[in-house]
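Have a look at the structure that comes next, please.
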Amino acid sequence: MVGKKGQKKRFWSDDEKRSICAQTRAPGVSVAQVARRYSMNANLIHKWLRDRRFAPEEETGEVLDATEVGFVPVEIGEAVPVPSPSDMQVSTSTLIEPVSAQRVDITLSDGRRVLVEGTTVLSAVLSLVEGLMP
């Protein structure tokens, strides 16, 4: 396959593919950054990462750091009214700090996606999702 006029298709050896894939595993480095470094499409690197011949070995038994990001499956059942802070009569000694997150990514059943970035109180995100439901 030929790219732009005069350019030939590049060939990557297996060792080069392994090296490029290993670079994507460095902390703070994205696949897009590595792709730009080699003037290639990031989708090609993602394809190589799915191939066990080129993907770097994953460490097993590794304990996740508290700062690592992960996905948690969530199902929303019946809407339960949440009392507002003005409705609650709580002594100052029993105040509980609200749960918050830096980034919330929600994919709804109809395919729509909600992405909330920045420090957000999770009860506000729950209210947002409830408002989107029919």
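Every read-out reported here was derived from the displayed coordinates using simple, explicitly stated rules and does not represent laboratory data. What you are looking at is a predicted structure, and each value in this text was computed from that prediction instead of being measured. Quick reminder, even Gly has a Cβ in these numbers, built from the backbone with ideal geometry, and neighbours come from all protein chains shown.
Expressed in nm to one decimal, what extension gain is obtained for the pair residue 99 and residue 125 from 0.36 nm per residue of sequence separation less their Cα-Cα distance?
Going from the current span to full extension adds 8.3 nm.
Please list the non-local residues whose amide H lies under 5 Å from the amide H of residue 100, H modeled 1.01 Å from N, same-chain partners needing a gap of 5 or more.
Long-range HN contacts for residue 100: 122.
How far apart, in nm, are the 7 Å Cα→Cβ label points at residue 22 and residue 8?
So the label points at residue 22 and residue 8 sit 2.8 nm apart.
Read phi for every residue in the range 42-57 and hand back ³J(HN,Hα) as whole Hz from Karplus 6.51 cos²θ - 1.76 cosθ + 1.60, θ = phi - 60°, with x for Gly and Pro.
4, 4, 5, 5, 4, 4, 5, 5, 6, 8, 5, 5, 10, 5, x, 5
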